[in-house]
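The values are calculated or read from the model by the stated rules, or taken from the named source; none is laboratory data. Values in this document were obtained by computation on a predicted structure and should not be read as measured data.
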Amino acid sequence: MNLRKIVVATDFSEASQAAVETAFSLTLESGAILYLLHVMDFVLEATAPMVGVVGPSIEELYREEMQRLQELIPQNWKKDVNIETAVLVGTAASEIASFAREKEADLIVVGTHGRTGLARVLMGSTAEGLLRQAPCQVLVVKPKAHPLVKSAAVPPQVLS
């Protein structure tokens, strides 16, 4: 696959950090343009307003999220690799798919939290939505296993 443009979306979680690292690696290997993207979803915030509480403006939130995206880029990142950052507002899967379509991306990279059952139904699945809406291939990256989880998966040894 010839990668010229890669979109990686992050919600700044541990799961999406693995996706960002994967996208950086693919970018270095291919020389593609990397679009580092975050989608602010205001649906949850709008459904539970607190009386008398004034939060930050959308512009302030936008600046904060752009700063967070910049902080994800390693200090020693090669200067000849092109990275563009973007913060969008809306539903994650739809906004990521629209952005990828607009940029004519070859690949979208996202992380997955690995929720199943009721948790997935209640929280939705950005990765699943992207698989249906994306204009290109989607790479879904699992979060890295915690060292304790790895060791717990090893069967106990029988003492003789």
Kindly indicate which of Ser151, Ser94, Ser98, Ser160 is more than 14 Å from the chain's Cα centre (by Cα) and modelled with pLDDT of 90 or more.
Ser98
In this structure, is Glu60 modelled with pLDDT of 95 or more and acidic (Asp, Glu)?
no
Of all residues in the stretch 110-142 being of a type in the set (Ser, Thr, Tyr) and more than 11 Å from Ile96 (Cα to Cα), which is modelled with the highest pLDDT?
Thr112
